[in-house]
1. Enumerate the lysines that Lys86 could reach by cross-link, defined here as Cα to Cα under 20 Å, with residues fewer than 8 away along the same chain left out.
2. Could you run the Karplus curve 6.51 cos²θ - 1.76 cosθ + 1.60 with θ = phi - 60° over region 285-295 and give me ³J(HN,Hα) per residue in whole Hz, x for Gly and Pro?
3. Quick one: if the Förster radius is 51 Å, what FRET efficiency do Ala350 and Glu27 give, using the C-beta to C-beta distance and rounding to 0.05?
4. Roughly how many debye, to the nearest 20, is the charge dipole of the chain about its Cα centre, given +1 on each Lys and Arg Cβ, -1 on each Asp and Glu Cβ, and no other charges?
5. DSSP loop trypsin sites (Lys or Arg not before Pro) in region 52-88 with at most 13 other Cβ atoms within 10 Å of their Cβ, which ones?
6. Rank Gln177, Val210, Gln241 by how far each Cα sits towards the positive end of the charge dipole of region 159-242 (+1 on Lys, Arg Cβ; -1 on Asp, Glu Cβ) and give me just the farthest.
7. In the set (1) 56, 31, 16; (2) 45, 22, 18; (3) 35, 26, 20, which value of semi-axes √(5λ) of the Cα gyration tensor in Å was calculated from the structure you see?
8. How large a share of the accessible area of the chain, in percent, is made up of carbon and sulfur atoms when the probe is 1.4 Å and the other protein chains stay in place?
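The values are calculated or read from the model by the stated rules, or taken from the named source; none is laboratory data. This is a predicted model, so every value here is computed, not measured. Here the Cβ is made from the backbone with ideal geometry for all residues, glycine too, and neighbour counts use every protein chain on show. Surface accessibility is based on the protein's heavy atoms, side chains included, excluding ligands, DNA and RNA. Shrake-Rupley method; radii C 1.70, N 1.55, O 1.52, S 1.80 Å.
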Amino acid sequence: MSSGHHFQSRVLCTLEQIEQTAQAWSELETACGDPLSYFQSYDWCRNWVARFCKDGGRTPYVVTVWQGETLVALWPRMIVESLGLKRLETLGVPHTQYCGLLIHPALRNDPDVAQCLNAAMQSSGCDVLLSRAVLSGSTLDLVVGEGHESAANVASMLDLSRFSCVQDYTDQLGKRQKRNRNRRRNHLARLGELQFEVLWPDDEQFAPLVEHCVAMKRLWLKETGKFSTGFSMSGVEAFLQSLDGDASKPAGACLSVLRAGGRVVAMELGFIRRGHYYAYLGGFDWSLRHLSPGKVQMEYTVAWLIEHHVQRYDLLINPAEYKASWTNTEILIAQQVEALSWRGRLYATAWLQNFRPMLKRVHARLPATFERIRAWLQPAACLLLYV
């Protein structure tokens, strides 16, 4: 691929424009070969726009850069308007987990491509450019990440490439881990024989079980007094059911299902991309929480991934005690913020850096009080937790 100054940028603002770019988008994904770019894939972005950009408030703003008839760079963004502020967010937020950018490998260091991308951002008419979860060392981090990072976080992963087989993985667990896992399996098996399978979107059980998994997640949120902006949105089930997956590769969306005595006790919806598995959504039978069915399902899922030569089991961002016991690798995550107007500067400094963190700390200390407030005034709660 030749470099030079013959680049042209185009912004895709409608579902029709996105669909017209399907082949070029997929070809660029293949050329990039980035296993950590699932949330920038055509399948994810197209289906998210179709489901969540119908009623206003969110407008696609997918920046593309072309060299002749060849798509060489793509940055999926969207314009979100609320409270008089226009934010240029990562397309798919709050469901998208990692912010990313696709650039043809031969042009990653080309300043003209970077200039095209940044010029499109500057001309968006937004007040602030916000990327909430940028992986350290990713293309987005290297191209546009310098100079405006904040809010360090980590993504927790289990590097499966270290294990030659499932037995090798099991042998390297500590004695306490082995004992706890055996105990959980044995206790759960008292309900009946444990059965594990991985389902794909072409299976007739996939869609109803995804809906069931989402219901399990929402019940867990309710019972634990937690709030999720993403799962408060209607249409989540239909969106997740619309994603593609291919068992022969394996690639795309897949659903791990654990049954005990024929009863579904735990599930996990994940995505596989070039040997990288995203553990996106877990759910379990709340009435069996004392038996930890979700952890038993995770054990079976990890074994399945090793058997199918998947290299990483990604538990996504935000540290948690249970993640520490399941992972052996961390990747730093940064939030990138760039003010594009005086409103954006006020939002970035006063709100993101000061007031919002303070309010989240108050929420963590007073969950019961906050839950009552959220029930009365849910839009305000959404603002406190995510805007």
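1. Lys54
2. With coefficients 6.51, -1.76 and 1.60, one gets 5, 4, 5, 10, 4, 5, 9, 6, x, x, 5 Hz.
3. It comes out at approximately 0.75.
4. Using Cβ point charges on Lys, Arg, Asp and Glu, the chain gives about 2000 debye.
5. Qualifying residues, ordered by number: Lys54.
6. Final value for the positive-end residue is Gln177.
7. (3)
8. Carbon with sulfur: 50 percent of the solvent-accessible area.
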